[in-house]
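Before any comments, here is the structure.
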Amino acid sequence: MSFSKIAILGPGLLGGSVGLAAKAAGLEVVLWGRSAERVEATRSLGLSATTNLAEAVADADLIIFAVPVGVMAKLAGKVSPHLAEGALVTDVGSVKALPHEAAAALSFIGSHPMAGSEQTGIEAARADLFQGAACVLTNELGLAASKVTALRGFWEVLGCEVCEMRVADHDRAVARISHLPHAMAVATTAAALRFPSDAQLAAGGYRDTTRVASGDPVMWAEIMMENRTALTAALQDAQKEIGEMLDQLANSDKNGLEEYLTDVKRRKERPTISNERDD
């Protein structure tokens, strides 16, 4: 199974980047957007785009939802009558439980390419965004292996390294390696800028640690709420780690603090070998 026409619904950073990468790979691509202005911006990048949803998905054998997870159920209902027989639907959302619920009536396999930027919009789209990026597939609906293989092949053509996971495992993992770092960058920024004039002294450490805090607040509020159970657990663990450092500082425990920093450095630099916890 291979794809001859890809319809991407949502001309933002990810949707536009998928479109550019797929076009560069020689695939036929069309993007759909509700806004005529966004559609024009998409066309300015050399991509085919339309505001007509039925036209976009007509004859497409791969449809990619590149819209906020919260609107996927409504979009799935609108798309369903226009899908070609056997068409596969996927998404690029950073949580997977809700997309599977929203698209349960469709031939759906979840995708999460682990790539992005603090920048937003079609103007920030890049054809090389997915080079070397991990991409998780979630086949919770149990679609045929041939469709999983075809979708894997699509993301690999775009440059991704693909793996498959259960939805629950995916959402737990990204809460810790994606959503928690964003939340901590926001908290770090807020604490660091308690005295805003201190920003004039900021250098590489501040910039590297807080870069993603410049991400779209509307998008990130939605992501964090959608995965709030797993993110809450991750934030509670982060709270415990901060508490440990506070105790060491309060007790002037330099040796304990050094051991703690050394242990975390070791964890950070150790190659990932399993999903087992250290504690």
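The values are calculated or read from the model by the stated rules, or taken from the named source; none is laboratory data. Just so we're clear, the structure is a prediction, and the values are computed from it rather than from any experiment. Cβ atoms come from the backbone with ideal geometry, glycine included; neighbour counts cover every protein chain shown.
Would you say Ala21 is small (Gly, Ala, Ser) and in a strand (DSSP E or B)?
no
Restricting attention to region 19-68, which residues are over 14 Å from Val89 (Cα atoms) and among the β-branched types (Val, Ile, Thr)?
Val29, Val30, Val39, Thr42, Thr50, Thr51
Would you list the helices (runs of 4 or more DSSP H) that sit entirely within region 145-213 and hold 2 or more residues that are over 14 Å from Ala230 (Cβ atoms)?
Qualifying helices (runs of 4 or more DSSP H): 145-157, 180-192, 204-210.
Please work out if Ser252 is surrounded by fewer than 12 Cβ atoms within 10 Å (Cβ to Cβ), in the same structural domain as His179 (by TED's automatic domain parsing), of a type outside the set (Phe, Trp, Tyr) and at pLDDT 95 or above.
yes
May I ask you to list the residues in region 70-87 that are in contact (Cβ under 8 Å) with a residue 60 or more places away in the chain and either surrounded by fewer than 23 Cβ atoms within 10 Å (Cβ to Cβ) or not assigned by TED's automatic domain parsing to the domain that holds Cys135 (or both)?
Hits for region 70-87 are Gly70, Leu75.
Given the condition surrounded by 15 or more Cβ atoms within 10 Å (Cβ to Cβ) and touching an Asp or Glu at 6+ places or on another chain (Cβ under 7 Å), answer yes or no: does some residue in region 240-248 qualify?
No, that holds for no residue.
Could you check how many residues of region 104-140 are part of a loop (DSSP other than H, G, I, E, B), touching a strand residue (DSSP E or B) at 6+ places or on another chain (Cβ under 6 Å) and not β-branched (Val, Ile, Thr)?
Summing the residues that are part of a loop (DSSP other than H, G, I, E, B), touching a strand residue (DSSP E or B) at 6+ places or on another chain (Cβ under 6 Å) and not β-branched (Val, Ile, Thr) in region 104-140 gives 5.
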